Amino acid sequence: MDGELRYTSRVGMCIIPLMDRARLNVTLDGERAEKLSRLAARVHVQEGTLARSLLSMAIDDADPDAGHIGEILDAIPGAYEQALEGLDQARQGETISLDEL
């Protein structure tokens, strides 16, 4: 490897149980997936365990005030554009029935 540090960039997926039966899949970008992996290795826990704990803390700390929820949504890169695109697709009939999923 000639002294080069090589790693595979990947997207991490955390599966978090909800109410003992449902599951939530969270997809991380490569940078955050790598950071989660390093943190989990440092504290000797599984990535999913650490992700569940971090997400739980973030949810507990989140302000449920409607004004703040808007700020959170506005901070998601591309969310507004994706919402507009989805609205346009729905208007054009480019949707899939829930029964077909």
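Where a number appears in this text, it was derived from the coordinates with a stated rule and is not lab data. Because the structure is predicted, anything quoted here is derived from the model rather than measured. Don't worry about glycine lacking a Cβ; one is built from the backbone with ideal geometry, like all the others, and counts go over all protein chains shown.
Tabulated values for the structure
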| quantity | calculated |
| --- | --- |
| Gyration tensor verdict on region 19-96 (Cα atoms; rounded if a/c is under 1.5, prolate if a/b is larger than b/c, oblate otherwise) | prolate |
| Inter-label distance, nm, simple model (7 Å from Cα along the C-beta direction), Asp99/Arg32 | 3.6 |
| Inter-site label distance for Asp74 and Ala90 at 7 Å from Cα along Cβ, in nm | 2.2 |
